[in-house]
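So the structure is just underneath, and the comments pick up after that.
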Amino acid sequence: MLGAINEERSRRPLILSLTAEDCFIRKIAVPRSALFHLDKILELEIDRVTPFRASDVVSGWYELPEDCEDEHAAIVHVIARKELIWPIIAKLQALGRSLARVLVRDEDGHAADLRISLALPERPDSRRRRRLCAGLACTAAMLAAIAGGLSLSRQASQLALLDERLLQAQAQAKKVRDELDAIESSSQRIAALRKERLDGPSPLAVWAELTRLLPDNAWLADMAISQSGVTIDGTAQSAENLIALLDGSPMFEDVAFTGPVTKTLGGKLDRFSISLTLSKPATVAAVQ
C-alpha cells in the first residue's frame, strides 16, 4: 500500500517555487480598469524596463491589497529569465515528472504565478539560421523604412497641393466678399435715394400746384425745390395777391417774401421772390 501511495505521488505535477533573488521585481500602480489586460500590457513593457527581450523571459504579477488606492491597484511585476527555468524543466521531464505551475515568492509570502509554456521551447541550433533570421529582420526593417519614406513624401506632396487649393479658395472668397460689400453699398445708396424721393416733394406735383394757383398775370422766372421748401422768382401785376393765393394751398405753409418787392423798368409789373415751406409728407402725398 505504501509503495502504491509513493508511486501515485510521483506522478502528480510539481510546482516550481523560485525566490525573489532570482528575479527582477518592480512595484507599480495601475488603473483598476487595466487589470483585465494587464498581462499583455506588462509584456509590452519588458523591453523598456529590462535589458532582455520579451521572448527571453517569463513574467507574472500579484496585487498588494494593503497598498491599493480607490482608482489604482498596487501591482508587483515579477520577471525571470527562461534560462533559469529551462534546465529544471528538462531535468524533470527526463525523470518523467511534469510541472503544473512556476511560482515566485517574496519574503512576505506573496506569490506570483509566472505565465510560461511548460513545454521546452525550440532553440536555434545553427549559427547560419540565426544569421539568416537577423538578415531577414534587417531587410524587413529597411523595406519598412523605405515604405515609410515614400508614404511621408506622398503625404507632403498632398499637403502642398491642399495648401495651394486653400490659397486659391481664400482668394476667391475675398473676391466674393468684395463684390458683396460693393452690392451692399450700392443697395444702401439706392435705399437712401429712394427714401429721399419718397420723403421729398415731387417736382411735378409742386409745379402743377403752382400752375393751378398762380393767376394768368403772374410769370415764374425761376423755381428751386429743396427737401423742405420751395423758392419761386418771377413777375406779376400784383405780388401782394400771390401770398394769399399760395397760402391757401394745403401743400404750402409759411408763405413769405424773401425780400422787398421791386418794379420792373416799365413800372407795370412787380418783381418778387417768395419762399414756401412744404407741408407734412402725408399732406403733400395727399395733394399729389
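The values are calculated or read from the model by the stated rules, or taken from the named source; none is laboratory data. As the structure is a computational prediction, the values presented were derived from the model and not from experiment. For neighbour counting, all protein chains shown are included, and Cβ atoms are generated from backbone atoms with ideal geometry for every residue, glycine included.
Quick look at the numbers
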read-out: Some residue of the stretch 81-94 being assigned by TED's automatic domain parsing to the domain that holds PHE36, of a type in the set (A, V, I, L, M) and within 50 Å of the chain's Cα centre (by Cα); value: no
read-out: Residue list for the stretch 250-288, restricted to those being at pLDDT below 90 and of a type in the set (Gly, Ala, Ser); value: GLY259, GLY266, GLY267, SER279, ALA282, ALA285, ALA286
read-out: Breaking point among (1) modelled with pLDDT of 85 or more; (2) surrounded by 14 or more Cβ atoms within 10 Å (Cβ to Cβ), for THR50; value: (1)
read-out: All positions within the stretch 61-89 that are in contact with a His (Cβ under 8 Å, 6 or more places away or on another chain) and outside any loop (DSSP other than H, G, I, E, B); value: TRP61, TYR62, VAL76
read-out: Residue in the stretch 61-84 that is modelled with the highest pLDDT, counting only those that are hydrophobic (A, V, I, L, M, F, W, C) and over 20 Å from HIS37 (Cβ atoms); value: ALA80
read-out: Which listed residue is surrounded by fewer than 17 Cβ atoms within 10 Å (Cβ to Cβ) and either within 43 Å of the chain's Cα centre (by Cα) or part of a strand (DSSP E or B) (or both), from SER33, SER55; value: SER33
read-out: Any hit, the stretch 198-213, residues being among the polar types (S, T, N, Q), out of contact with any strand residue (DSSP E or B) (no Cβ under 6 Å at 6 or more places or on another chain), within 30 Å of LYS268 (Cβ to Cβ) and loosely packed, with under 11 Cβ neighbours inside 10 Å; value: yes
read-out: Filter pass, ILE15 being more than 47 Å from the chain's Cα centre (by Cα) and assigned to a strand (DSSP E or B); value: yes
read-out: From LEU92, LEU118, residue being at pLDDT below 80, part of a loop (DSSP other than H, G, I, E, B) and surrounded by 14 or more Cβ atoms within 10 Å (Cβ to Cβ); value: LEU118
read-out: Test result for LEU103, within 44 Å of the chain's Cα centre (by Cα) and outside any loop (DSSP other than H, G, I, E, B); value: no
read-out: Qualifying residue in the stretch 253-262 (condition: closer than 30 Å to ARG194 by Cβ and either crowded, with 16+ Cβ neighbours inside 10 Å or touching a residue at least 60 places away in the same chain (Cβ under 8 Å) (or both)); value: yes
